[in-house]
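Peer 1: The structure's right below; bear with me while I get my questions together.
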Amino acid sequence: MSLQTKPEPTSSAGGVSSNRTTFDNLPDSGYLRQAQLIPDVVPISSATLWRKCKDGTFPRPVKLSQRVSAWRVGDIRNWLDTQSKVGAT
């Protein structure tokens, strides 16, 4: 019996990880799981992600099933745009 391990994110020639490339190519109606968000798309820890969800400063995930939560790509893009505007002020 062989055990499958989670593949490590690979980097392209430009140094961008595969999760970030996937994020950039998804439609706004797509979904991302936590492992696809952290740290490539949103450079925060898991604990900080859930704390921000709880206090309303990060989009809340959507329950896709009893044990599966994911974030809408469009919500994450809007949050990232807002963060860049706040940082530029």
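Peer 1: Filter the helices (runs of 4 or more DSSP H) completely within the chain down to those with at least 1 residues that are of a type outside the set (D, E) and modelled with pLDDT of 95 or more.
Peer 2: Correct list: 34-37, 46-55, 73-88.
Peer 1: Could you please give the count of residues in the stretch 61-80 that are among the aliphatic types (A, V, I, L, M) and surrounded by 13 or more Cβ atoms within 10 Å (Cβ to Cβ)? First the steps, then the outcome.
Peer 2: Taking the stretch 61-80 as the starting set, the residues that turn out to be among the aliphatic types (A, V, I, L, M) are 62, 64, 68, 70, 73, 76, 80.
After this cut, where a residue has to be surrounded by 13 or more Cβ atoms within 10 Å (Cβ to Cβ) as well, the list is 70, 73, 76, 80.
Summing the residues that are among the aliphatic types (A, V, I, L, M) and surrounded by 13 or more Cβ atoms within 10 Å (Cβ to Cβ) in the stretch 61-80 gives 4.
Peer 1: Quick check on my filter: what residues within the stretch 59-78 are of a type in the set (A, V, I, L, M, F, W, C) and over 11 Å from the mean Cα position of the chain (by Cα)? Before the answer, list the steps.
Peer 2: We begin by selecting, within the stretch 59-78, every residue of a type in the set (A, V, I, L, M, F, W, C); these are 62, 64, 68, 70-71, 73, 76.
Passing the criteria: V62, L64, V68.
Peer 1: Among the residues of the stretch 30-56, count how many are open to solvent by less than 70 Å² (accessible area, probe 1.4 Å) and either of a type outside the set (A, V, I, L, M, F, W, C) or more than 19 Å from N19 (Cα to Cα) (or both).
Peer 2: 11
The values are calculated or read from the model by the stated rules, or taken from the named source; none is laboratory data. For clarity, every value in this text was computed on a predicted model and none was experimentally measured. Here Cβ is always computed from backbone atoms with ideal geometry, including for glycine, and neighbour counts include all displayed protein chains. Only protein heavy atoms, including side chains, enter the accessible area calculation; ligands, DNA and RNA are left aside. Shrake-Rupley method; radii C 1.70, N 1.55, O 1.52, S 1.80 Å.
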